[in-house]
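Taken together, the values in this text are just the output of simple stated rules run on the coordinates, not laboratory data. This is a predicted model, so every value here is computed, not measured. Neighbour counts are summed over all protein chains in view; Cβ atoms, including those assigned to glycine, are modelled from backbone coordinates with ideal geometry.
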Amino acid sequence: MYIVLDGQQRLTSLYIGLKGTRTLRKKWGRNDNAYEEKRLYLNLKHQPNMDNPEDNYEFEFHAQKPENDKKHF
């Protein structure tokens with residue numbers, strides 16, 4: 001599967017990748033607490049699937065720092 005990004009989506013993706021955070025407003029939220037910031041994490045312990053080159057990296061957004069264990073981060 002291929003995804004086509006227009007110019008605005010490319011800029012947004014680049015900004016998220018460089019800054020490493022994204023802030024989304026919760027549904028129906030209208031106050032300052034309605035915004036949730038999530039950080040981008042790269043799982044360094046991810047074992048890539050050599051049959052699928054698109055599965056080489058595992059990125060995830062988390063609101064809180066993920067716990068370290070044998071399989072994650």
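If you go through region 1-28 and keep only what is farther than 25 Å from N68 by Cβ, β-branched (V, I, T) and surrounded by 10 or more Cβ atoms within 10 Å (Cβ to Cβ), you end up with just T12. Close contacts from region 29-58, counting a first residue that is more than 21 Å from K70 (Cα to Cα) and a second that is acidic (D, E), with Cβ to Cβ under 8 Å and a gap of 6+ residues or different chains, come to none at all.
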